[in-house]
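Okay, so here's the structure we're looking at.
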Amino acid sequence: MSAARLPAPFGRLVDRERSVTFSFEGRRITGLAGDTIASALAANGQWMLSRSFKYHRPRGLVSAAGLEANALVQVGHEPNVAADRRAITPDLDVRAVNTFGGLDHDLGRAIGLLSRFMPVGFYYRTFYTPRAAWKVWEPVIRRLAGLGTISPKAPHGYFDKAYLFADVAVIGGGPAGLAAALAAAEAGAEVLLVEDGPVLGGSATFARPEPNGVAAVEALAARVQAHPRVTVLTEAVCQGLFADHWLSVTQGNRLNKVRARSVVVATGAHESPAVFRGNDLPGIMLGSAAQRLMRLWAVRPGREAVVLAGNDDAYEVALDLAEAGVRVVAVADLRADPGSDPRVGAVRARGIAVHAGTTVAEALGQDNHVAAVRLAPVTGPGTFGAVGEPVACDLVAMSVGYVPATALLTQGGARIVPDDATFMPRVEDLPAGLFAAGSVGGVWTAERVVEDGTRAGRAAAAHAGHACPVPGPVAPDGEGRTWPIPVFPHPKGKEFIDFDEDLQVHDIIDAAAMGWDHIQLLKRFSTAGMGPTQGKLTNALVQGLLGRVTRQVAPRVGTVTIRPPITGEKLGHLAGRGFEPRRLTALHHRHEALGATMMVAGTWMRPAHYGPDLASAVEAEVAAVRQAVGMIDVSTLGKLEIRGPDAARFLERIYTWKYETLAVGRVRYVLMLDETGGIIDDGVAARVHAEHFYVTATTGGVDRVYRLMQFFNAQWRMKVDIANVTAAYAGINVLGPASRAVVQAVGTTVDLAPDAFPYLGVREGEVGGVPARLMRIGFGGELGYEIHVPASQAGALWDALIKAGAGHGLRPVGVEAQRVLRLEKGHVIVGQDTDSLTHPLEASLGWAVGRKKTDFVGKPALDILEARPQSRRLVGFALDPAAAVIPKENHLVIRDGRIAGRVTSITRSSTLGKVIGLAYVEPDQAGEGTVFTVRADGGTLVSATVVPTPFYDPDNARQEM
Amino acid sequence: MPLALLKAGFRSRAKAPPRELPATPDLRKSYDVVIIGAGGHGLATAHALATTWGVRRIAVLDKGYLGGGNTARNTAIVRANYLTPEGVTFYKESMSLFETLSQELDFNIMYTRKPHLTLAHTDASVRTMRWRAEVNKHLGVASELIDEAKVAAIEPCLNMSRDVRYPILGALHHPVGGTARHDAVAWGYAIRGAQAGVEIHQLTEVTGLRVEGTRVRAVETTRGTIEAGQVVQAVAGASSLMARHAGLRLALRTVPLQACVSQPLKPVINSIIVSGSLHCYIWQSQRGELVMGGAVDPYPLWSTRSTLDFKEGLMAHMLELFPFLAEVRMMRQWAGMADMTPDFAPIMGKTPLDNYYIDAGWGTWGFKATPVCGKRMAECVATDTQPDILKPFRHDRFTHFDQVGEAGAASVGS
């Protein structure tokens, strides 16, 4: 079967001067630059590319255009590569997929022998009695399924993304697309032309040329490429057309995301295979595949050919083959009368036998290749008469009809309906801005295709705002090109109607007979169209056959939605470069220099503790705050500026407490509820001016708070401006008995005297020469100042504080110590000590609700919740010192064998010398001194006693110094 | 070789195999029970009504083909490791029904146990996983908070590097999670239900409900009006629209939920991996496809269109967990519609109408509840009382502030 290369002008894509050597199944193969893997293999006589999915039958290329899984191979680490689309490069390591022991000696062939015991959907019938059977069979099925392999050690390439914009995006670089692109560009539009092949020209690059046809298309392509307003992407696949003309276009390792005002789909049509016994043998291919092999890669598709015809185009294939030196043994024409087209006459004139009203009833194989066919007269839809003697051949070229590639049109919202005149789907209705050109839209003959492309291009340009005269529609001319449902069941089966999924005609017939007779049910039960190529080549045949066997018209049979992607983006395309935001505070590098162990806090990184050892670091950091002074980077806190005449009223409606009466220069706690009364965030509001509040929110909650504020104000329309300034400011909390001395030492324009700047005050001034906003607050329950400064100047302030604090025992303090400090004060952390339903009373935060207020978000719900009997209460507890195990957060409170609550926070307090925490308990267990039980690790029950909070400094004397 | 296959193998090719999925019969004038929606839930309910409760005249109506809504669109994961005692109890019963469902239906629904790992990337999620584990264990559901080393042992190809944006700190390990062939569940119920007398009417759209006083008298369809003794709606994705026909307002927000599969590969991932922080989950089907999904779309929409944005966001996170998948190709993406409740728990059972029952609010967690829904909804209809296990899910809980609080365990659609 070895096929020498054909002479020029065959082989327009290959460079005969440059050979490229790669390996296939461990063998060295030499092809030419420009070859695909499949064409190089074919040129070397290797027609079998794979073993089929279920039965491990030999398979070769059918379309030579990436339309069937037969051509999928493993290339190095890359699974499922279309061998008929991937160009060869030196040293590619190509292997067949889904074989057990290699392509030639695949042990999986044994499965094929059992095929009669694998009726459609067989796996639903068996493997489940006894129950344990599935455990045995499931791993077997898993190993048998799947095609390529991916190794966890596979290296991953560099992928990136680009954003492209066009007035008009044209998908498909055939004559229709070229004409559309040129027309749109000439009308003034910026055009992006996307072509999946390596060259422009579409079917004109491989079909039998009309007189001057090639020159005309080449001239058109040259004008398109030279046009300054056209950008051409070749070897680029439009994977999906999403809402608002948003296109996913892959090219190499790049994902182009394209926004276009108009889209012209000029994706053409592909030939449909015929279905007969043995139609899956290597050497049986579409007529267009044989033409592609010859004209694109100079590969002779066989020595002796039988052409199966359903239209006149088949005769062009026969002529092409004959001219390339292939002996055309016979043309079997499904049509009772092949007609009088000159092409038919030309074939006859060459002495080629034309058998009218004849089909291939069966193909016979030898050495994994087609060796002969038996012809038979067509007697009706899908039936044939007496079968003839074998006719030897090593190539069957099928040209029986077409399926327009309408997937992108469907995704774009077009309505596609069956057409009984052409036996092809027809574009019935297109949404504004979406256009079809050429054969995808039903226009076929060369000069009309260009006319249709020009029309579509102009219409698209006009839609994109480039006014130009738009010609009227070009009448469709698809009749006679497609033989209806060329599916010929054979009594002995093995007529494949879905190559990907290894489905035979009787699988479809049986599935329908068993009741899976809607196309969507049929697809799911039989898996037709569920394979790697999603049934591009064969869905129409399955649908036609289903209609035939159920005698239903198409609307009742239904249609399959072709979903994105077209050939498949790689996951790397979609992921692009790693771009997960990782926010660093202005002081991040200072923390690292101090040896901090960093932790994730929402989108931010924060120092968990300074130094490698958690326990000792936390103890030292807590001690520093309690006895001297600590310094905490609180820059990740959400920060919002609320300004305007209605600022106070706005906060009153957003938060639970009172703010209209808050004096300028004062700070007050804020608590935010959702509309069901559940707590969603907290922080403080500092009134820096009558019409200006500076509000903090939690690190993880600020984005939601900001969004909700905008959402509500869009309804309320209050005179208020809301700005999220989280990243603009850094915050440093200087906390501990020596904090006043340290801030004083750094130098400040603010009077720090307790009377001048009391607890819960806010002042603006300079600290260490940096403009700052100071608030006397702090989670930790000590004298302290939270100093907010422009982020750009935080480093200078931090350094100044470190220097000034040296003599006062100042230490930087991390999140872990901060948690201990806050828990010693009994402060609640929203999200840890609350859940999605916690309301203020349960969390003992009722004090933060303005009782006289008429409205705030969540108030109606809260009124109802408060009127009901409470079901739980958050209490402080001290662990029994004799407890065998210290429970962890979210260990359960157990009462009489049932869940009565949970521990939300727990820590060993070195300050207090005991283990303290917060827990939800049932209301009747919330009283001080009540003992309750917690189930710790290993099921150990330990007891804890309800104690009042704050645990530390209950009179709050220290923070108010 | 199993007997069923031998029999099929020796059957004559010329003879058509017997019909299993029932054809749509003519519509009668009246039925004892009309179930709107021939998805998994509706069919399971019909099956249980016919087989357990002996109800004879049951019609299941669907505007499309059977099992074509969210039953066809989910990602087939089943689990019981929820957060609230109400939820865990409910899904635990569902899991126990799944265990024997193939045998009960005499149809292989391919229920497959797989380790289910919900990854924790922050100390806050470690806390949540411990909470779920403790509640699960208390109620007899196998669940454990495990550390990094155990995570790596269960799924060795996970990227356990600490040098990533969200390192894996541990996971909630639910060894009895699994998957089931979603379509097969609907088909099994349909086939066995039909054998017990259930009529399934495909391509029969309900256009209205005739309500008189506190009863639904008749169901108006595109094929005529039928009288009904009792009416059940099980139309996930369109629940609020159907309830409106009955004059009911439901606390639902309908948002798209998307998913996708890769091209088929030989086995590489053996467990179900979920990351709430990264909004993604993945498992590998028996066919070798990687089945992947994430959180619901961030906007309400009655549409099943799919988006590029979804895939991009999902894969950015997926490749954090499995960098080696970069070279794998997508095969198909799709969308369903999720009826989200405020508390991420379903709405089930009786309604203010005497003979109208609702099975809704299935958000992203409906498939795994299919068997228990069938069993308990049938009980609710047959006895006209709300079974205890469904009491937490009654439809008026939102007006009475009795929410279930399942957000912590149900927000990523796995």
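The values are calculated or read from the model by the stated rules, or taken from the named source; none is laboratory data. These numbers come from a predicted model, not from an experiment. Here Cβ is always computed from backbone atoms with ideal geometry, including for glycine, and neighbour counts include all displayed protein chains. Ligands, DNA and RNA are stripped out before the accessible areas are found, and what is left, the full protein with its side chains, is counted by its heavy atoms. Shrake-Rupley method; radii C 1.70, N 1.55, O 1.52, S 1.80 Å.
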Report task. Taking the Cα centre of chain A as origin, sum charge times position over the Cβ atoms of Lys and Arg (+1) and Asp and Glu (-1), and report the length of that vector in debye to the nearest 20. Result -> 840 debye
Requested in this report: Can you sort A:415, B:376, A:717, A:590 by 1.4 Å-probe accessible area, starting with the largest?
Outcome: A:717, A:415, A:590, B:376
Report summary line: Residue-normalised 222 nm signal for the protein assembly as shown, counting each DSSP H run of n ≥ 4 as -39,500 (n - 2.57), nearest 500 deg cm²/dmol, is -7500 deg cm²/dmol
Query raised in the report: When you count, for each residue, the other Cβ atoms within 10 Å and take the mean per peptide, how do A:790-802, B:334-346 rank with the highest first?
Result: B:334-346, A:790-802
Query raised in the report: How much accessible area per residue does the range A:1-152 have, in Å², with a 1.4 Å probe?
Result: 39 Å²
Report task. Filter the cross-link list A:54/B:7; A:523/B:29; B:7/B:266 down to pairs whose alpha-carbon distance in this structure exceeds 23 Å. Result -> A:523/B:29; B:7/B:266
Requested in this report: Just need the relative contact order of chain A here, percent rounded to a whole number, with Cα pairs under 8 Å and 6+ apart.
Outcome: 9 percent
Query - Where only C-alpha atoms are counted, convex hull volume of the range A:674-779 per residue in Å³ - result: 132 Å³
Query raised in the report: Taking the inverse of the average 1/r across all pairs of different Cα atoms in the range A:818-882, what Kirkwood radius in Å do you get?
Result: 13.7 Å
Query raised in the report: Considering protein heavy atoms only and a 1.4 Å probe radius, which residues within the range B:303-330 exhibit an accessible-area decrease of no less than 40 Å² in the full assembly relative to the chain by itself?
Result: B:308, B:311, B:312, B:315, B:324, B:326, B:327, B:328, B:329, B:330
Query raised in the report: Given B:124, B:335, B:140, which one lies farthest toward the positive end of the charge dipole of chain B, if we put +1 on the Cβ of every Lys and Arg and -1 on the Cβ of every Asp and Glu?
Result: B:335
Report task. Report the extension gain between residue A:251 and residue A:475 in nm, rounded to one decimal, defined as 0.36 nm multiplied by the number of residues separating them, less their alpha carbon distance. Result -> 77.2 nm
Query - Chain lengthening between residue A:953 and residue A:367 when straightened (0.36 nm per residue, less Cα-Cα) - result: 201.9 nm
Query raised in the report: Label point 7 Å out from residue A:719 along Cα-to-Cβ: which residues of the range A:648-674 have amide N under 18 Å?
Result: A:648-653, A:660-661
Report summary line: Taking R0 as 60 Å and r as the Cβ-Cβ distance between residue A:753 and residue A:882, the FRET efficiency 1/(1 + (r/R0)^6), rounded to the nearest 0.05, comes to 0.80
Query raised in the report: So what's the gap between the Cα centers of the range A:249-279 and the range B:243-291, to the nearest angstrom?
Result: 27 Å
Report summary line: Which of B:311/B:368; B:114/B:137; A:257/B:311; A:825/A:852 exceed 22 Å between C-alpha atoms? The answer is B:311/B:368; A:825/A:852
Query raised in the report: To the nearest Å, what is the center-to-center distance of the range A:591-659 and the range A:718-756, using C-alpha atoms only?
Result: 13 Å
Report task. Whole number in Å², please: accessible area per residue of the range A:638-724, 1.4 Å probe, ligands, DNA and RNA not counted. Result -> 38 Å²
Requested in this report: Would you mind getting the accessible area per residue of the range A:869-961, heavy atoms of the protein chains only, 1.4 Å probe, in Å²?
Outcome: 44 Å²
Query raised in the report: Nearest 100 Å², what total accessible surface is buried between chain A and chain B (probe 1.4 Å)?
Result: 9400 Å²
Requested in this report: Compute the length gained on full extension between residue A:551 and residue A:133: take 0.36 nm times their separation in residues and subtract their Cα-Cα distance, giving the result in nm to one decimal.
Outcome: 146.6 nm
Query raised in the report: Between residue A:853 and residue A:577, what is the FRET efficiency for a Förster distance of 45 Å, r being their Cβ-Cβ separation, to the nearest 0.05?
Result: 0.35
Report task. Using only alpha carbon pairs under 8 Å that are at least six residues apart, calculate the relative contact order of chain B and give it in whole percent. Result -> 23 percent
Query - Residue-averaged beta-carbon neighbours from other chains (10 angstrom radius) around A:507-517 - result: 5
Requested in this report: Would you please give the residues with an amide H less than 5 Å from that of residue A:829, counting only those at least 5 places away or on a separate chain, with H modeled from the backbone geometry?
Outcome: none
**Report entry** Lys/Arg +1, Asp/Glu -1 at C-beta; the range A:869-961 dipole; positive extreme among A:877, A:936, A:903
**Finding:** A:936
Query raised in the report: Ordered by residue, what ³J(HN,Hα) values in Hz, to whole numbers, does the range A:278-283 give under the Karplus form 6.51 cos²θ - 1.76 cosθ + 1.60, where θ = phi - 60° and Gly and Pro are x?
Result: x, 6, 9, 5, x, x
Query raised in the report: Put +1 on the Cβ of each Lys and Arg and -1 on the Cβ of each Asp and Glu in chain A; which of A:282, A:63, A:753 then has its Cα farthest toward the positive end of the dipole?
Result: A:753
Query raised in the report: If packing is taken as the mean number of other Cβ atoms within 10 Å per residue, what is the order of B:303-316, B:272-285, A:139-152, highest first?
Result: B:272-285, B:303-316, A:139-152
**Report entry** A:39, B:30, reordered so the largest accessible area comes first (probe 1.4 Å)
**Finding:** B:30, A:39
Query raised in the report: Going by a 1.4 Å probe on protein heavy atoms, which residues of the range A:97-134 end up with at least 30 Å² less accessible surface in the whole assembly than in their chain alone?
Result: A:116, A:117, A:119, A:124, A:125, A:126, A:128, A:131, A:134
Query raised in the report: Taking the alpha-carbon centroid of each part, what is the distance from the range A:35-95 to the range A:490-553 in angstrom?
Result: 25 Å
Requested in this report: Show me B:240-246, B:264-270 ranked by packing, highest mean number of other Cβ atoms within 10 Å first.
Outcome: B:264-270, B:240-246
Report summary line: Short to long, in 5 Å steps from zero, the percent of alpha-carbon pairs of the range A:485-570 per bin is 3, 16, 27, 27, 16, 7, 3, 1, 0
Query raised in the report: Can you give the charge dipole size of the range A:485-570 about its Cα centre, rounded to the nearest 20 debye, using +1 on the beta carbon of Lys and Arg and -1 on the beta carbon of Asp and Glu?
Result: 240 debye
Report task. Check each residue of the range B:197-223 and keep those whose accessible area, probe 1.4 Å, is at least 50 Å² smaller with all protein chains in place than in the chain alone; give them in order of residue number. Result -> B:203
Query raised in the report: Give me the Kirkwood hydrodynamic radius of the protein assembly as shown in Å, from all C-alpha pairs, to one decimal place?
Result: 34.7 Å
Query raised in the report: What is the sum of charges around residue A:961, taking Lys and Arg as +1, Asp and Glu as -1, for the other residues whose C-beta is under 14 Å from the C-beta of residue A:961?
Result: -1
Query raised in the report: Given a 1.4 Å probe and every protein chain left where it sits, what share in percent of the accessible area of the protein assembly as shown is carbon and sulfur?
Result: 53 percent
Query raised in the report: With θ set to phi - 60° and the Karplus curve 6.51 cos²θ - 1.76 cosθ + 1.60, what are the ³J(HN,Hα) couplings of the range A:948-961 in order, to the nearest whole Hz, using x for Gly and Pro?
Result: x, 10, x, 5, 10, 6, x, 8, 6, 5, 6, 6, 9, 4
Report task. Please average, across the residues of A:892-904, the number of beta carbons from any other chain that are within 10 Å of each residue's own beta carbon, and give a whole number. Result -> 2
Report summary line: Karplus ³J(HN,Hα) for the range B:31-40 (6.51 cos²θ - 1.76 cosθ + 1.60, θ = phi - 60°; Hz, whole; x = Gly/Pro) runs 9, 5, 10, 10, 10, 8, x, 9, x, x
**Report entry** Estimated distance in nm for a label pair at residue A:710 and residue B:396, the labels positioned 7 Å out from Cα along Cα-to-Cβ
**Finding:** 4.0 nm
Requested in this report: Heavy atoms only, probe 1.4 angstrom, no DNA, RNA or ligands counted: give me A:920, B:65 ranked by accessible area, highest first.
Outcome: B:65, A:920
